[in-house]
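The structure appears below as structure tokens.
The values are calculated or read from the model by the stated rules, or taken from the named source; none is laboratory data. These numbers were taken from a predicted model, which means no experiment stands behind them. For neighbour counting, all protein chains shown are included, and Cβ atoms are generated from backbone atoms with ideal geometry for every residue, glycine included.
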Amino acid sequence: MIDFAGQVAVVTGAGRGLGRLFALELARRGARIVVNDLGGSMHGEGSDTSIAQAVVHEICARGGQAVASHDSVATPEGAQAIVDSAVRHFGRVDIVVSNAGIFNSIAFEELRVDDWRAMLGVHLDGGFYLSQAAFRVMKQQGYGRFVFISSSAGVFGQPLEAHYAAAKMGLIGLTNVIALEGAAHGILANSVLPFGFSRMVTETVAGQGDDHPFLQAIKPELVVPIVVYLASKACDVTHQNYSACAGRFARVFVGLAEGWLARGNPTADDIATHFAHVSRAEPYTIPSSIFDEIGEVSARVGAVSGGGASAPTTRYSIDTQMSFLLDDPACKQVLSTFIPEIETAGAMLRLARGMTLRKIAGYPQAKISVEKLQAIDQALATMTPRPPTASLLRRVTAWLRSA
């Protein structure tokens, strides 16, 4: 059974709706909770300290531990105060569920700058302020879990919600980078795109009773399991997005199609001729960082295998070169011979895809000693036939020895 004994969770927007349910379930499973809620309206107006306090009373009445926070995530000072409260009362921060938000519907042509900024200020700026403050604590601990509450409105679009959609899609970008930079420190980050019957939905679907079939299908309780799992030690995935709708849980991802590779200097007319090929959705890959796309395209145009080893050395960063190496079966085999952990440590592979090699070299699971690097270099020097990226790998190992 998943439990959170000894762990501390910060849940924002936890006074009502989905946030309250997240806080209650984490507390039921043993987590100590910082219940953060400004207590404002769905449109971001006003405040009410009793909203967060009521959830704290509810948790404590069931034998749990919780404290209320009435600070706003929309300022750096407010977000820092939320994290400081967790550390002051409970000594650490293990989990952040970034759920605070506001909502309104405005046609794009009528959207005011103030409306835009207010929406991004709570959802996106608030997600950044809170996660950065918590990340620093988690990094010192060597452990952490972030769950950002995003929305399908951002990924797929929703009429009258340009500001909301942009903010929620921004949270996915934030999740991706925290996942890459946090991997070296035991910090995982994922997002959830929920459908849940809350005041956001009831005010959007005005005039519908609570017994409406659609509202019954999206009971908010059905979102809770995926959020709790992603917040737990049992979860070992990062850099992922999941939809939760009416009891159906599914991964949501950005795929990169194979596309059409032009030769020479293509023109707009060439694009028109090949646009059907450019637009094909399959076959596709799911890049784990920007380096995957660069590496794949470079390999296709010959920057790695066809262009010789000198091209990527002069054109690409040391991090990008590492992503090339892991895509070369021969070089990966050499690496795994001397560093068996590279096959089993998922974090190691994630690091190689997006982190700096200085951090890879110092990562405990990698165990890359100078002796191992020298052995890899020697093995590559004597390989027959020699893989196309062997010279490149020798440069990387030399760089690591001097790092």
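Among the residues making up region 50-80, those that are in contact with a strand residue (DSSP E or B) (Cβ under 7 Å, 6 or more places away or on another chain), part of a helix (DSSP H, G or I) and without any contact (Cβ under 8 Å) to a residue 40 or more places away in the chain are Ala52, Gln53, Val56, Ile59, Cys60.
Among the residues making up region 142-165, those that are touching a residue at least 24 places away in the same chain (Cβ under 8 Å), assigned to a helix (DSSP H, G or I) and closer than 18 Å to Ala74 by Cα are His163, Tyr164. When Lys139, Lys168 are screened for being buried (at least 23 other Cβ atoms within 10 Å of the Cβ), basic (Lys, Arg), without any contact (Cβ under 8 Å) to a residue 60 or more places away in the chain and part of a helix (DSSP H, G or I), only Lys168 passes.
Look at (1) surrounded by fewer than 22 Cβ atoms within 10 Å (Cβ to Cβ); (2) at pLDDT 95 or above; (3) of a type in the set (Gly, Ala, Ser) and you find that Ala27 fails only one, number (1).
Scanning region 239-287 for residues that are over 31 Å from the mean Cα position of the chain (by Cα) and of a type in the set (Asp, Glu) yields Asp269, Asp270. Looking across region 269-293, the residues that are among the small types (Gly, Ala, Ser) and in a loop (DSSP other than H, G, I, E, B) come down to Ser279, Ala281, Ser288, Ser289.
Being over 22 Å from Asp3 (Cα atoms) and of a type in the set (Phe, Trp, Tyr) holds for only one residue in Phe90, Phe108, Phe146, and it is Phe108.
Answer with yes or no whether Ala268 is at pLDDT 75 or above and over 26 Å from Gly170 (Cα atoms). For Ala268, the condition - at pLDDT 75 or above and over 26 Å from Gly170 (Cα atoms) - is met. When Asn99 is tested against the conditions (1) buried (at least 19 other Cβ atoms within 10 Å of the Cβ); (2) of a type in the set (S, T, N, Q); (3) at pLDDT below 95, the lone failure is (3). Answer with yes or no whether Ala86 is outside any helix (DSSP H, G or I) and within 24 Å of the chain's Cα centre (by Cα). No: the conditions fail for Ala86.
This table checks each residue for (1) modelled with pLDDT of 80 or more; (2) of a type in the set (Asp, Glu).
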| position | (1), (2) |
| --- | --- |
| Phe249 | yes, no |
| Leu261 | yes, no |
| Ala272 | yes, no |
| Ala281 | yes, no |
| Thr285 | yes, no |
| Glu293 | yes, yes |
| Val304 | no, no |
| Ser310 | no, no |
| Thr314 | no, no |
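Going residue by residue through region 100-115, is there one that turns out to be part of a loop (DSSP other than H, G, I, E, B) and over 20 Å from Tyr164 (Cα atoms)? No; the residues of region 100-115 include none that is part of a loop (DSSP other than H, G, I, E, B) and over 20 Å from Tyr164 (Cα atoms).
Here's the yes/no breakdown for (1) in contact with a Leu (Cβ under 8 Å, 6 or more places away or on another chain); (2) among the hydrophobic types (A, V, I, L, M, F, W, C):
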| residue | (1), (2) |
| --- | --- |
| Met119 | no, yes |
| Gly127 | yes, no |
| Ala133 | no, yes |
| Gly142 | no, no |
| Ile149 | yes, yes |
| Gly154 | yes, no |
| Leu174 | yes, yes |
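Being within 28 Å of the chain's Cα centre (by Cα), of a type in the set (A, V, I, L, M) and under 22 Å from Met119 (Cβ atoms) is a description that does not apply to Val34. Restricting Gly144, Gly121 to those that are crowded, with 23+ Cβ neighbours inside 10 Å and within 21 Å of the chain's Cα centre (by Cα) reduces the list to Gly144.
The selection criterion, being on the phi > 0 side of the Ramachandran plot and surrounded by fewer than 16 Cβ atoms within 10 Å (Cβ to Cβ), does not hold for Gly173. Search region 234-248 for residues that are buried (at least 21 other Cβ atoms within 10 Å of the Cβ) and pair each with any residue that is basic (Lys, Arg) when their beta-carbon atoms are under 6 Å apart and the residues are at least 6 apart or on different chains. Matching pairs, first to second residue: Tyr242/Arg251.
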